[in-house]
Amino acid sequence: MRPCGSVRVQFDNSDYDNVCVNFGGGDDLLPAWRDLGDLLAHRSGWHFDVVNHGEALWSLGLLGESRLNIHVTEDRRFHCHDHDTDQDDVVDGIPAVEDWLGAREERAKQPSALLLDLARAMDWGVLKSHTFTLRVSWSDGYFAASLPDHYDVAFGRTLPEAITGASEMLCRLFDAPAELAEQLTLTTELDTTATRRLTGQAG
């Protein structure tokens with residue numbers, strides 16, 4: 001299966017191809033969407049959804065921020081938008097998309113100044129009220145807990161150790177007090193490796 005086939009689509013629980021056909025310009029543009037999906041499907045921080053009442057869009061940003069956007073144009077090119085600079089570029093081919101990302105992606109993976117200010121407001125109320133979803137796997141004796149929209153990973157010999165590490169990682173990311181880690185709300189999604197380990201099916 002191509003990497004794009006594993007893309008999670010929150011909109012109507014549809015699969016990637018159907019969403020691209022229905023909201024990304026039709027069957028003619030599907031090959032370009034698949035190429036873009038192969039590039040971004042397992043790239044840290046990127047997510048795919050339907051926005052603006054019916055536009056398929058790849059976005060990068062923490063806690064709902066959308067600092068970089070990419071979609072396929074009617075002529076099978078790639079429209080790239082940088083919200084920080086309000087700059088639009090239309091490029092040909094996946095190598096050109098990678099070049100465009102090269103100067104921007106690491107910056108966009110960090111919280112923006114606006115998000116940091118919002119996180120600090122009301123005694124860190126946004127962070128306390130937000131539910132963070134961790135994706136957990138297991139390999140070589142360690143659980144690994146990561147955020148879908150961030151590239152850092154927390155490891156632990158036990159699942160609680162990995163979750164605690166992820167809480168502390170979040171505090172560092174937002175420059176929040178360490179004691180806030182115990183007040184964060186976390187949910188976990190276990191992949192097959194983690195599930196087998198917890199149920200005693202893995203060594």
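The values are calculated or read from the model by the stated rules, or taken from the named source; none is laboratory data. Small disclaimer: the values here were computed from a predicted structure and weren't measured. When we count neighbours, we look across all protein chains shown, and the Cβ atoms used for this are built from the backbone with ideal geometry, even at glycine.
Structural remarks
- Members of the stretch 61-92 that are under 21 Å from the mean Cα position of the chain (by Cα), of a type in the set (A, V, I, L, M) and at pLDDT 90 or above: L68, I70, V72
- For the stretch 1-13, the tally of residues that are of a type in the set (S, T, N, Q) and in a loop (DSSP other than H, G, I, E, B) stands at 1.
- Filtered residue count, the stretch 26-63, keeping only those that are touching a helix residue (DSSP H, G or I) at 6+ places or on another chain (Cβ under 8 Å) and either among the polar types (S, T, N, Q) or under 13 Å from E74 (Cα atoms) (or both): 6
- Search result, residues across the stretch 77-93 that are surrounded by 15 or more Cβ atoms within 10 Å (Cβ to Cβ) and among the hydrophobic types (A, V, I, L, M, F, W, C): F78, C80, V91
- Test for W138: is it touching a residue at least 40 places away in the same chain (Cβ under 8 Å) and on the phi > 0 side of the Ramachandran plot: no
- The single residue among A113, A166, A144, A121 that is under 20 Å from the mean Cα position of the chain (by Cα) and closer than 30 Å to Q87 by Cβ turns out to be A113.
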